[in-house]
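Reviewing the structure listed below.
The values are calculated or read from the model by the stated rules, or taken from the named source; none is laboratory data. Keep in mind the model is a prediction, meaning the values are calculated, not measured. Note that we place each Cβ from the backbone using ideal geometry, even for glycine, and neighbour counts take in every protein chain shown.
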Amino acid sequence: MKKGSFSIFFLFVRCLLVAGILSFTHCQSPVFENPCDTRSNDFLKILFLRAAAKDASSLCGTKVRPFHFPEILSFFVTSPKVSGTIDGENINVVVSFSNVSSLVMSFVHEGEVVLVDGVVQVSGVTSNDFTVTRTYTVIGGDGLQKNYTVTVVQLNPPSLTATRVYGQAGNFTSSNISTTADGLHSPFKPALDSSGLYVADQENNRVLFYPGTSTTATRVYGQGGNFTTANTGSVTDNTFYGVPGANVPDIAVDATGVYVSDIYGSRVLFFPGTSTTATRVYGQNGNFTTVNVGAGADGLANPEGIVTDSTGVYIVDTFNNRILFYPGTSTTATRVYGQSGSFTSNTSNNGGISADSLDNPRGICINEDGVYVADTNNSRVLFYPGISTTATRVYGQNGNFTTNVVGTTASTLSNPWFVSCYAGNVYISDRGNHRILGYEGNATIATRVWGQNGSFTGNAAGLSDKELNDPYGMDIDRTGLYVADGGNNRVLFFPR
């Protein structure tokens, strides 16, 4: 091996290690005869290897600038934020908006410039018509380029007519109370995952799981595996307290398991995977056999809404007039909404009705922009951006944070109980008006109504495939909208 070949050999080994292709068999050392002759093939080979290894040190008086391969790393609708899925050279963004003719996209990329039809794209600024697919071209500093085909998928709004009913043996005109695998008693909240539907069956003091699209439950939480009991009074890791009355109002599901609020137990239980025995308890300092009512960062009083994201768990602590955030799997809260940052106060409308106060909040949802809370007694829903505990948007009060007017229009509410978010849109269960309202993007005036035959000024309770009676919680996915029609002892599915 000639002079200079030793260092080149080690460089070659380093490059192969970086590339992940070095094995300890069939390994051959390269021999470069003219590593510093800029006219030789050896010099070009070394340049390539050094660039691949991102080695910008000097060799033969020459520095190599690492290649910048053009690439889009993330891509999303700017506001409301809806992230796209990048799959090779295809990017898909699923939205519920009815108008996609002028969407502004944000993106993170490697390379010098991004173009659409020859027009330079500024992340978070440039708008495009996405009624057709768009090609985003990323050009690197070395003249390399990569094309991405961007498709915005518009979901149709859910129908105003339900096509599936849970709890009434397929009948849309009955409201029977039942304690079976097919029955319900004042259901409060449906929750979806990829395997099926969970329902908080409030007055039966249990949670039911329905696989796929079946309307017969195959798993029950809170009743020792029994589908025909509605027992109360027991405080364990697999029962719900239910004293003075049965009451299981909310449920949340994520990739790790199921969260259930046990109101009269002043606690929230976490069930891992498909187990019906809890392994974590919020509100009772880790004790599964107590039902203490408390405040502080570890206590709860009549908790209702639950939602999770990648950072932790949010619990609506209703009678303490606040929302608590628990990081990771901790059962001690580190952030509080509704009490001006205090974990020891629980005053309703603390400091007066404002963007910082709450009065008997119930439901909660979270999207990529922030947190939405149904502030029930104030007849409004508040939006908190990011991790801020001060709301910046209000639904139901015509933009006013200091009023709690009750109304029956497209811009007012009456004791809203739950709120859901999906693909950029917001859905509110306006219980006092026996309806569900749908809002597009960041708008605070509803554009769609379920339960009142399309009327924004009607508020009659009813029993049919188009009517509701005391609707509580909802959940929504690409297939449609699920509504807990509590007063009719059923859950309705409205397909897209």
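Hey, can you tell me all the residues within the range 285-328 that are hydroxyl-bearing (Ser, Thr, Tyr) and closer than 17 Å to residue 418 by Cβ?
Kept after step one, since they are hydroxyl-bearing (Ser, Thr, Tyr), are these residues of the range 285-328: 289-290, 308, 310-311, 314, 318, 326.
Listed by number, the residues that qualify are 308, 314, 318.
Is it true that some residue in the range 214-224 is in a strand (DSSP E or B), in contact with a Phe, Trp or Tyr (Cβ under 7 Å, 6 or more places away or on another chain) and buried (at least 22 other Cβ atoms within 10 Å of the Cβ)?
Just the residues of the range 214-224 that are in a strand (DSSP E or B), to begin with: 219-223.
Imposing the further condition that a residue be in contact with a Phe, Trp or Tyr (Cβ under 7 Å, 6 or more places away or on another chain) reduces the set to 219-222.
Adding the requirement that they be buried (at least 22 other Cβ atoms within 10 Å of the Cβ) leaves 221-222.
Checked against the condition, which is being in a strand (DSSP E or B), in contact with a Phe, Trp or Tyr (Cβ under 7 Å, 6 or more places away or on another chain) and buried (at least 22 other Cβ atoms within 10 Å of the Cβ), the range 214-224 yields at least one hit.
Select from the range 74-98 the residues that are part of a loop (DSSP other than H, G, I, E, B) and under 11 Å from residue 152 (Cα atoms) and list them in ascending order.
In the first step, residues of the range 74-98 are kept if they are part of a loop (DSSP other than H, G, I, E, B); the result is 78-81, 84, 88-89, 96-98.
84, 96, 97, listed by residue number.
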* Give me the pairs: first residue in the range 382-409 and within 26 Å of residue 335 (Cβ to Cβ), second residue acidic (Asp, Glu) and not in a loop (DSSP other than H, G, I, E, B), beta-carbon distance under 8 Å, and six or more apart or on different chains, which are they? -> 382/375
* Considering (1) in contact with a helix residue (DSSP H, G or I) (Cβ under 9 Å, 6 or more places away or on another chain); (2) surrounded by fewer than 24 Cβ atoms within 10 Å (Cβ to Cβ), say which one residue 184 fails and leave the rest. => (2)
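Any residue at all in the range 469-478 that is aliphatic (A, V, I, L, M), assigned to a loop (DSSP other than H, G, I, E, B) and closer than 28 Å to residue 384 by Cβ? Steps first, please.
Quick first cut of the range 469-478, residues aliphatic (A, V, I, L, M) only: 474, 476.
Right, trim to assigned to a loop (DSSP other than H, G, I, E, B) and you get none.
No, the range 469-478 contains no residue that is aliphatic (A, V, I, L, M), assigned to a loop (DSSP other than H, G, I, E, B) and closer than 28 Å to residue 384 by Cβ.
So that you can scan it fast, the table gives a plain yes or no per residue for (1) of a type outside the set (Ser, Thr, Tyr); (2) closer than 30 Å to residue 312 by Cβ:
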position	(1), (2)
368	yes, yes
393	yes, yes
408	no, no
416	yes, yes
429	no, yes
438	yes, yes
452	yes, no
457	no, no
* Give the range 99-148 a look and list any residue that's closer than 15 Å to residue 70 by Cβ, assigned to a strand (DSSP E or B) and not aliphatic (A, V, I, L, M), or say none. => 107, 109, 110, 135, 136, 137, 145, 146, 147, 148
* Among the residues of the range 479-496, which ones are more than 20 Å from the chain's Cα centre (by Cα) and in a loop (DSSP other than H, G, I, E, B)? -> 489
* If you take the residues in the range 90-125 that are of a type in the set (Gly, Ala, Ser) and in contact with a strand residue (DSSP E or B) (Cβ under 6 Å, 6 or more places away or on another chain), which one is farthest from residue 79 (Cα to Cα)? -> 111
* Asked: Inside the range 212-242, can you point out the residues that are within 20 Å of residue 268 (Cβ to Cβ), among the β-branched types (Val, Ile, Thr) and in contact (Cβ under 8 Å) with a residue 40 or more places away in the chain?
  -> 220, 235, 236
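Residue check: is residue 360 surrounded by 24 or more Cβ atoms within 10 Å (Cβ to Cβ), more than 22 Å from the chain's Cα centre (by Cα) and assigned by TED's automatic domain parsing to the domain that holds residue 437?
Details: surrounded by 24 or more Cβ atoms within 10 Å (Cβ to Cβ): no; more than 22 Å from the chain's Cα centre (by Cα): yes; assigned by TED's automatic domain parsing to the domain that holds residue 437: yes.
Criteria not met by residue 360.
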* Of all residues in the range 270-294, which are within 20 Å of the chain's Cα centre (by Cα) and either surrounded by 24 or more Cβ atoms within 10 Å (Cβ to Cβ) or of a type in the set (Phe, Trp, Tyr) (or both)? -> 270, 271
* Enumeration of residues in the range 453-478 that are within 25 Å of the chain's Cα centre (by Cα) and aromatic (Phe, Trp, Tyr) -> 472
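Restricting attention to the range 241-265, and to residues there that are of a type in the set (S, T, N, Q) and crowded, with 17+ Cβ neighbours inside 10 Å, which single residue is modelled with the lowest pLDDT?
Taking the range 241-265 and keeping what is of a type in the set (S, T, N, Q), we get 247, 256, 261.
From the residues that got through so far, the ones that are crowded, with 17+ Cβ neighbours inside 10 Å too are 247, 261.
Values: 247: 91, 261: 98.
Among those residues, the one meeting the criterion is 247.
If a residue has to be of a type in the set (Val, Ile, Thr) and surrounded by fewer than 14 Cβ atoms within 10 Å (Cβ to Cβ) to count, how many in the range 370-391 make the cut? Show your work before the answer.
At the first step, the residues of the range 370-391 found to be of a type in the set (Val, Ile, Thr) are 371, 373, 376, 381, 387, 389-390.
Still in the running and surrounded by fewer than 14 Cβ atoms within 10 Å (Cβ to Cβ): 387, 390.
Residues meeting the conditions: 2.
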* To do: Give the residues of the range 430-457 that are touching a residue at least 12 places away in the same chain (Cβ under 8 Å), closer than 26 Å to residue 382 by Cβ, assigned to a loop (DSSP other than H, G, I, E, B) and not hydroxyl-bearing (Ser, Thr, Tyr), sorted by residue number.
  => 434, 440, 441, 442, 445, 446, 456
* To do: For residues that are in contact (Cβ under 8 Å) with a residue 40 or more places away in the chain and among the aliphatic types (A, V, I, L, M), scanning just the range 458-477, find the one that is surrounded by the most Cβ atoms within 10 Å (Cβ to Cβ).
  => 474
* Asked: For residue 305, all conditions in the list (1) closer than 15 Å to residue 388 by Cα; (2) touching a residue at least 60 places away in the same chain (Cβ under 8 Å) hold save one; what is the number of the exception?
  -> (1)
